[in-house]
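Before any comments, here is the structure.
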Amino acid sequence: MTRNLFENALDLAGKLKDNINRLFIGKEDVVEKLLIGLLVGGHVLLEDVPGVGKTTLAAMLAKVTGCSFGRIQFTPDTLPGDVAGVSVYNQNTGAFEYRAGAVMHQILLADEINRTAPKTQSSLLEAMAEGQVTVDGQMHAPPRPFMVIATQNPVEFLGTYPLPEAQMDRFMMRLSIGYPDREQEIRMAARHLEGLGPETAEAVCGPEDVLEAMKAARSVVVREAVLGYMEDMVALTRQESRFVLGASPRALLSLMRASQGKALLEGRDFVKPDDVKAMAVPVLLHRLALSAEARMQKANAVNLLESLILRAKVPVQ
């Protein structure tokens with residue numbers, strides 16, 4: 001990786017963080033992880049209660065990066081064609097023409113994804129995994145960079161369709177914004193009174209700059225010993241009897257990519273074990289499933305995963 005490419009990517013990431021954090025108060029850690037997802041080509045699931053800013057954060061990310069933004073509000077009657085697009089007959093030409101769906105944007109907000117039927121949920125899978133959709137045998141690719149940010153409410157279960165494990169595995173990270181503390185909430189309200197709401201965010205770059213930064217993130221060095229450290233973590237989740245479902249090989253790749261992004265934002269062109277530790281919970285937790293016995297014993301999946309992370313042997317640099 002050339003020094004200029006790395007420095008430009010680091011400078012861009014700093015500007016993006018600063019501009020979002022200026023208006024999205026008190027959630028610097030969530031903002032950083034969302035940026036990491038963008039820079040390494042990952043998709044993110046925002047799971048939290050209503051009103052904490054999930055939709056706002058996704059829209060701000062699109063705005064400051066200069067990327068096109070698509071939002072689809074999932075409901076039980078949302079159809080796969082609303083997501084992927086449909087073929088429409090043109091009477092003038094006598095041919096079918098592709099009419100783009102919501103997926104044809106650089107940043108797609110899949111709002112309340114657990115409100116729609118499994119068939120519609122699965123229509124996102126091809127786009128998330130392969131960066132394309134197939135409609136009537138024709139492939140169509142969304143513009144790059146391409147990122148899906150899905151949201152869901154973990155409290156309301158009436159009329160919802162929980163995401164299956166295979167689809168959860170497509171998300172690089174699951175994040176939770178959480179409530180702001182007292183000072184942060186007052187600051188947020190004061191900013192709104194001053195007219196400094198999220199809608200005032202301005203673009204600091206364009207999609208081409210994001211693509212260049214993604215090249216830099218992919219070039220961050222991951223040494224074999226650190227790869228072994230990641231694999232040890234993943235293997236421990238598979239060996240743990242209280243998890244009926246352990247982390248997949250895709251989880252290892254996601255952890256590797258996320259760690260590269262974390263290293264880049266820390267100003268390094270190589271991954272340290274600390275980067276892996278920082279990204280392990282948001283990358284691995286949503287891919288794991290507690291056994292029935294563990295749920296009966298009220299086992300805490302977060303605590304269990306954190307204990308496994310501590311058991312992984314840290315490589316000597």
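The values are calculated or read from the model by the stated rules, or taken from the named source; none is laboratory data. Since the model is a prediction, treat every value here as computed from it, not as a measurement. All Cβ positions, even for glycine, are placed from backbone atoms using ideal geometry, and neighbour counts span all protein chains on display.
Points worth noting:
- Test: ALA278 is of a type in the set (Gly, Ala, Ser), modelled with pLDDT under 95, out of contact with any Cys (no Cβ under 6 Å at 6 or more places or on another chain) and within 22 Å of MET168 (Cα to Cα): no
- Single residue of the range 223-245 satisfying the filter (of a type outside the set (D, E, K, R) and surrounded by fewer than 18 Cβ atoms within 10 Å (Cβ to Cβ)) that is modelled with the lowest pLDDT: LEU245
- Enumeration of residues in the range 114-127 that are of a type outside the set (Asp, Glu) and either within 20 Å of SER68 (Cβ to Cβ) or assigned to a loop (DSSP other than H, G, I, E, B) (or both): THR116, ALA117, SER123, LEU124, ALA127
- The conditions of being exposed (fewer than 13 other Cβ atoms within 10 Å of the Cβ), under 19 Å from LEU61 (Cα atoms) and within 23 Å of the chain's Cα centre (by Cα) are met by GLU208.
- Scanning the range 261-317 for residues that are more than 25 Å from the chain's Cα centre (by Cα), without any contact (Cβ under 8 Å) to a residue 12 or more places away in the chain and in a helix (DSSP H, G or I) yields ARG295, MET296.
- Looking only at the range 135-182, residues that are farther than 24 Å from HIS286 by Cβ and either without any contact (Cβ under 8 Å) to a residue 40 or more places away in the chain or under 13 Å from the mean Cα position of the chain (by Cα) (or both) come to 4 in all.
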